[in-house]
């Protein structure tokens, strides 16, 4: 029982971080019909911002994290929207998808070339002590990661539901034409969505990199898992992305602990296939009718 609790909490911790990246997928799709296949690299890159600021410039870790989040919001939010999404979205979804795939490759190879092809140790944000939870030894970083990731997602939900700006963003996502008639600045609301995605990617990066080291290839797995989590939970629902991320994190850890670690990367794909066959709109998603 103690081992099961330990694996479960560790899975929830990892799953909550996957959910941060999955929520970014969902937000961009809702706001601008953008599918960002560079999302994994967006999660990978902020860790190298932190390393460059701490190792190269000698800044303290807290200040480096704040600056890295700011850079992520600017570069992965505003600049990404201006230079990649806006020129490509007018040509349709497929060219934009191809552009984001190319951007992901560029970011990955850029980090490999200009920083290092080797995995870099990343400073831990929390003490490496363990706590006893119902007899199970649970690490403080696992608990802290889960609390921070869930707190971020809950805070985002409250912002969207209880603030004027958040409600305008939801209106833009649901029906931009009607929102514009009602006086909503839809361009500004879409920009806010991209900025939020940049911040979510940075937070996920800072939380997950101490576990996996800072590697240029991290985005490959993180992007795939986040995309699958968004589809499994429901691509048009933030709470669906949250459920999908947590579910994949837990199932992944359970399969590694009780089945085989060699096949753990196949588990998300099997879950994706099952959900698509049984409930194509995702566990918590809603069907979107389209006129033909």
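The values are calculated or read from the model by the stated rules, or taken from the named source; none is laboratory data. Source: prediction; values computed, not measured. Note that each Cβ is placed from the backbone with ideal geometry, even for glycine, and that neighbours are counted across all protein chains shown.
Quick look at the numbers
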| read-out | value |
| --- | --- |
| Options 149, 102; residue that is closer than 19 Å to residue 201 by Cα, surrounded by fewer than 18 Cβ atoms within 10 Å (Cβ to Cβ) and either out of contact with any strand residue (DSSP E or B) (no Cβ under 8 Å at 6 or more places or on another chain) or at pLDDT 95 or above (or both) | 102 |
| Residue that is exposed (fewer than 13 other Cβ atoms within 10 Å of the Cβ) and within 19 Å of residue 25 (Cα to Cα), where the choices are 58, 92 | 92 |
| Qualifying residue in segment 21-39 (condition: out of contact with any helix residue (DSSP H, G or I) (no Cβ under 7 Å at 6 or more places or on another chain) and at pLDDT below 95) | yes |
| Subset of segment 252-276 that is in a loop (DSSP other than H, G, I, E, B) and either touching a residue at least 40 places away in the same chain (Cβ under 8 Å) or surrounded by 13 or more Cβ atoms within 10 Å (Cβ to Cβ) (or both) - its residue that is nearest to the chain's Cα centre (by Cα) | 265 |
| Matching helices (runs of 4 or more DSSP H) fully within segment 36-97 where at least 3 residues are farther than 18 Å from residue 217 by Cα and out of contact with any strand residue (DSSP E or B) (no Cβ under 9 Å at 6 or more places or on another chain) | 61-72, 86-89 |
| Extreme residue, nearest to residue 208 (Cα to Cα), among residues of segment 122-132 that are exposed (fewer than 15 other Cβ atoms within 10 Å of the Cβ) and more than 26 Å from the chain's Cα centre (by Cα) | 129 |
| Odd one out for residue 162, checked against (1) surrounded by fewer than 16 Cβ atoms within 10 Å (Cβ to Cβ); (2) within 22 Å of the chain's Cα centre (by Cα); (3) modelled with pLDDT of 90 or more | (2) |
| Odd one out for residue 213, checked against (1) at pLDDT 90 or above; (2) surrounded by fewer than 23 Cβ atoms within 10 Å (Cβ to Cβ); (3) within 29 Å of residue 117 (Cβ to Cβ); (4) more than 12 Å from the chain's Cα centre (by Cα) | (1) |
| Selected residue (only one of 285, 249, 245, 223 is outside any helix (DSSP H, G or I) and either under 17 Å from the mean Cα position of the chain (by Cα) or crowded, with 19+ Cβ neighbours inside 10 Å (or both)) | 285 |
